[in-house]
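The values are calculated or read from the model by the stated rules, or taken from the named source; none is laboratory data. Only a predicted model underlies this, so the values are computations on that prediction, with no experimental measurement involved. Quick reminder, even Gly has a Cβ in these numbers, built from the backbone with ideal geometry, and neighbours come from all protein chains shown. Ligands, DNA and RNA are excluded from the accessible area calculation, which covers all protein heavy atoms including side chains. Shrake-Rupley method; radii C 1.70, N 1.55, O 1.52, S 1.80 Å.
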Amino acid sequence: MTRAKGERSLSGWAFLAPYAVAVVLLIAVPALLNVGYAFTDHTGLTRDPQFVGLDNVRRLADDAFLADSLEASLFHVALSVPLRLLAAVGLGLLLAAPRPGGRWFRTAVYLPTVVPDVALAVLFLWVLNPLYGPLNQLLGLFGHPGYTWLSDPTTARVGVVLMLLFPIGEGFVVVLAARRLLDGRLYEAAALEGCGPFGQLRRITLPLLAPVLVLLAVRDTILTLQVNFVPAYVLTDGRPANATLYLPVYIFDQAFEFSGFAYAALITILLMLITAAIIAVQLLAVRRWRVLR
Amino acid sequence: MTDGGGLRLTGLVKAYGPVRAVEGVDLDVPAGELVTVVGPSGSGKSTMLRLIAGLERPDAGMVAVGGQDLRDVPPHRRSVAMVFQDYALYPHLTVRENIMFGLRVRKVPKGEARRQAGAAAERLGIADLLDRYPDQASGGQRQRVALARALVRSPAVYLLDEPLVSLDAQLRLSTRADLLALHRQIGSTTLHVTHDQAEAMTMGDRVVVMDAGRIRQAGPPQEVYDAPADTFVAGFLGSPPMNLVPGGGVLGGAAGGTVGVRPEDLALDPAGPIEATVDAVETLGSEAVLLTRCPDGLRLAVRTPPRLSLRPGDTVRLRFDPDRLHRFDAAGRRV
Ligand SMILES: Nc1ncnc2c1ncn2[C@@H]1O[C@H](COP(=O)(O)OP(=O)(O)OP(=O)(O)O)[C@@H](O)[C@H]1O
Ligand SMILES: [Mg+2]
């Protein structure tokens, strides 16, 4: 009896082992090393880094580039997370109901998520081109002169957000699936009570989806703070005037261009702390609702 | 509370693609009457209720409440409340908020809505549940919440779609009594769909038997039981159902037609004209049902007193009351 039990749990561990080994070797160990490196003068080139105490931390305080980078990242999260959520939730709810051609629309919404982000970024180089890009031409239709998208700090940031509004397939699918799990009877009962489409959205759909929405917001915050690396690199390379020098870009620059391996390691820790702080604020904010009852 | 709204259905038709769910239903329910609707699964009972509630548009025909044609009246403007089989309570709202939902949608002030919800809950004996969530209430309690939600609308017509089906037998019995008492109190027109023979027979002023989207018979329960309009109704109402003998057979010839006899109208009698072998004995406590088989293969159910100590394989003789035979023509209609 106990023997069989022991064997069972042993085989459980055996199944877990490949995954556990990979997690330890590829994530846990590098993460720990990263914390260690943050307090050295490691350049990524030298063999034996020296411990330098809090030197790197002091350097953070008066790093003007870091301040720019932080501002760029926060601007990006503040704009991109709500917009991406809005798009994913809006499209998910609109396309959840069975309607003719629905599957084509759903495929269309998911498609940009399958496109490699470098390819999407290259596409957006064209979309945002001030001379022949379709976006400015579209604005032209409304008599607007258009923007020099990527050479102006604010529009460059907006351009990156615009591009990242397209790969929202995962959130979209989650909303779609969650909405389809909601009981259709609730909506019939509501209709009988005179609750129209917007009332149903406000009184039924959103409250019932709230746990999913919170999850998506948290996940998108984590994601959004990191995935702007590729568009920034392809579209702007951190320019203009550091407007798109997002934290991942700055970390990369420090680590691999300026050989500031140790300093970059420290900024990754900072990025993690910022992510955690934003998520904490989000969770505190939604505690008022009963969503996580 | 009711404003005397009788219900009238005329030539109601509804098809879902090739499936003809409701095929020409005519029904007249005077104000205050409680009608039970029975029929096999898929016979269109729910669809009929949904047409009345306005959740579906009829392909043809008319629904009228209190003499008013409801063709272009949206569901919430019909004085009709529906209780779904699975209750459809809002899981994210407390019982009180569930009951208040419609009132709040209709902009009834919060205090007034709370008062009405409290009163409805009081009436149904769920006042102590008001601050719980539906998933913290039992099946029977949820059923009452759904009823309370219908009650606060004080509609002219209640549509109850198998509201007791997920309750256990005990609770079903007591809730049935409560429902009846409630109906007597508020006296509003009620359509009560059920699968349960006992509910169909005991609850309604009238019972409506449906099959394949049509009403086969409507009338006072005892009348329908005593004089089923066709072989379908004969075979559907009653448990065990009426014995139907095509051609008459041992019950006396009926060329081309069918002769039926209720199990209680057959009796054991050593001098009886029918010989049969006992296949099985179903003991129900206060009575027993013998499932027998005649030499020609015909099966007859017989209701008997309990404790007869008959065993499968025993041979018995049966007598029937010629006055209690039901005769049906070749098309299955009562003659
Ligand atoms: N939305 C729908 N789409 C297609 N067919 C439907 C739909 N709703 C009902 N039907 C069909 O219409 C017929 C009648 O269905 P209905 O639900 O009214 O039966 P019912 O008498 O209520 O059955 P039950 O006793 O099982 O609840 C069935 O054949 C069913 O399959
Ligand atoms: Mg039904």
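Considering chain A as a Gaussian network with a 10 Å cut-off on Cα pairs, which listed residue, A:Ser80, A:Ser259, A:Ser11, attains the greatest mean-square fluctuation?
Top of the fluctuation ranking is A:Ser11.
Per the Kirkwood definition applied to all pairs of different Cα atoms, how many angstroms is the hydrodynamic radius of region B:124-164?
That comes to 11.0 Å for region B:124-164.
At a threshold of 8 angstrom on Cα-Cα distance, excluding pairs fewer than six apart, so keeping six or more, what relative contact order does chain B reach in percent?
17
Within the set of other residues whose C-beta is less than 13 Å from the C-beta of A:Tyr110, count the net charge using Lys and Arg as +1 and Asp and Glu as -1.
Summing Lys/Arg as +1 and Asp/Glu as -1 gives +1.
Could you tell me whether region A:65-292 comes out rounded, prolate or oblate from its Cα gyration tensor? Rule is a ≥ b ≥ c as square roots of the eigenvalues, rounded for a/c under 1.5, then prolate if a/b exceeds b/c, otherwise oblate.
oblate
Residues of region A:162-203 with backbone nitrogen within less than 16 Å of a virtual label 7 Å along the Cα-to-Cβ line of A:Val115, please, listed as ranges.
Output list for this probe position: A:162-170.
Label region B:18-153 by shape, choosing from rounded, prolate and oblate, from the square roots a ≥ b ≥ c of the eigenvalues of the Cα gyration tensor; if a/c is under 1.5 it is rounded, and otherwise prolate applies when a/b is larger than b/c, oblate when it is not.
prolate
Loop only per DSSP, at most 15 neighbouring Cβ atoms within 10 Å: give me the trypsin sites (Lys or Arg not before Pro) in region A:11-114, ordered by residue number.
A:Arg47
Roughly what would the spin-label model give for B:Ala212 and A:Val52, points 7 Å off Cα along C-beta, in nm?
Distance between label points: 9.0 nm.
How would you classify region B:240-328 from its alpha-carbon gyration tensor, with a ≥ b ≥ c the square roots of the eigenvalues: rounded for a/c under 1.5, else prolate if a/b is greater than b/c, otherwise oblate?
prolate
What is the local net charge at B:Glu97, summed over the other residues whose Cβ is closer than 10 Å to its Cβ (Lys, Arg +1; Asp, Glu -1)?
+3
Once both labels are modelled 7 Å past Cα along the beta-carbon direction, what's the B:Cys294-A:Ala87 spacing in nm?
For B:Cys294 paired with A:Ala87, the spin-label model returns 7.7 nm.
For a Förster distance of 25 Å, can you work out the FRET efficiency between the beta-carbons of B:Arg317 and B:Glu287, rounded to the nearest 0.05?
Here the calculated transfer efficiency is 0.80.
Ignore the peptide's own chain and count Cβ atoms of other chains within 10 Å of each Cβ in A:189-201; give me the average, rounded.
For this peptide, the per-residue mean of nearby foreign Cβ atoms is 6.
If I model a spin label as a point 7 Å beyond the Cα along the Cα-Cβ vector, how far apart are those points for B:Gln222 and A:Leu139 in nm?
That separation, rounded to one decimal, is 8.5 nm.
In straight Cα distance, which aspartates and glutamates are under 20 Å from B:Lys14, not counting same-chain residues fewer than 8 positions off?
By straight Cα distance, B:Lys14 reaches A:Glu188, B:Glu23, B:Asp26, B:Asp28, B:Glu56, B:Asp59, B:Asp69, B:Asp72, B:Asp161, B:Asp211.
Can you give the accessible area per residue of region A:65-292, in Å², using a 1.4 Å probe?
Accessible surface, normalised per residue, equals 49 Å².
Please find the FRET efficiency linking B:Val73 to B:Asp329, where r is the Cβ-Cβ separation and R0 is fixed at 41 Å, and quote it to the nearest 0.05.
That gives a FRET efficiency of 0.45.
Give, to the nearest whole percent, the P(r) tail of region A:154-204 beyond 13 angstrom, counting all Cα pairs.
Summing the P(r) of region A:154-204 above 13 Å gives 69 percent of all pairs.
What order do you get for B:94-100, A:38-44 when each peptide is scored by the mean count of other beta carbon atoms within 10 Å, highest first?
B:94-100, A:38-44
Who wins for biggest fluctuation among A:Asp253, A:Asp63, A:Asp152 in a Gaussian network model of chain A, springs between alpha carbons below 10 Å?
Of the options given, A:Asp63 has the highest mean-square fluctuation.
Got a sec to turn the phi values of region A:220-231 into Karplus ³J(HN,Hα) couplings, 6.51 cos²θ - 1.76 cosθ + 1.60 with θ = phi - 60°, whole Hz, x for Gly and Pro?
These are the phi-based 3J(HN,Hα) values: 5, 4, 4, 5, 5, 5, 10, 6, 6, 4, 5, x Hz.
Ignoring ligands, DNA and RNA and using a 1.4 Å probe, state the total buried accessible area between B and A in Å², rounded to the nearest 100.
It comes to approximately 2000 Å² buried between B and A.
Which value, in Å² rounded to 10, gives the accessible area of B:Lys110 with a 1.4 Å probe and all protein chains present?
120
When the helix-only estimate is applied to chain A (DSSP H runs of n ≥ 4, each -39,500 (n - 2.57), divided by the residue count), what is the mean residue ellipticity at 222 nm, nearest 500 deg cm²/dmol?
So the calculated ellipticity at 222 nm is -21500 deg cm²/dmol.
Can you give the average number of partner chain beta-carbon atoms within 10 Å of each beta-carbon in peptide A:180-186, as a whole number?
Neighbouring Cβ atoms belonging to other protein chains average 3 per residue here.
Using the Cα atoms of chain B to build a convex hull, what is its mean projected area in square nanometres?
The Cα convex hull of chain B, projected and averaged over all directions, gives 19.8 nm².
Give me the Debye-computed log₁₀ of I(q)/I(0) at q = 0.14, 0.16, 0.20 Å⁻¹ for region A:32-166, equal point scatterers on Cα only, no solvent, two decimals.
So the normalised log intensities are -0.89, -1.00, -1.20.
What number comes out for the charge environment of B:Leu179, summing +1 per Lys or Arg and -1 per Asp or Glu over other residues with Cβ under 13 Å away?
Charge balance near B:Leu179 sits at +1.
Considering only DSSP states other than H, G, I, E and B, which chymotrypsin sites (Phe, Trp or Tyr not before Pro) in region A:120-196 qualify as loop sites with at most 10 other Cβ atoms within 10 Å?
Answer in residue order: A:Tyr132, A:Phe142.
Express as a percent, rounded to the nearest 5, the fraction of DSSP beta bridges in the protein assembly as shown (both residues included) that run antiparallel.
Counting DSSP beta bridges with both partners in the protein assembly as shown, the antiparallel share is about 75 percent.
In square nanometres, what is the average projected area of the Cα convex hull of the protein assembly as shown?
Its Cα hull, projected and averaged over all orientations, spans 44.9 nm².
Could you state the number of Å between the C-alpha centres of region B:187-221 and region A:75-106?
The two parts, judged by their Cα centres, are 47 Å apart.
Over chain A, what is the mean sequence separation of C-alpha contacts under 8 Å (at least six apart), divided by residue count, expressed as relative contact order in percent?
28 percent.
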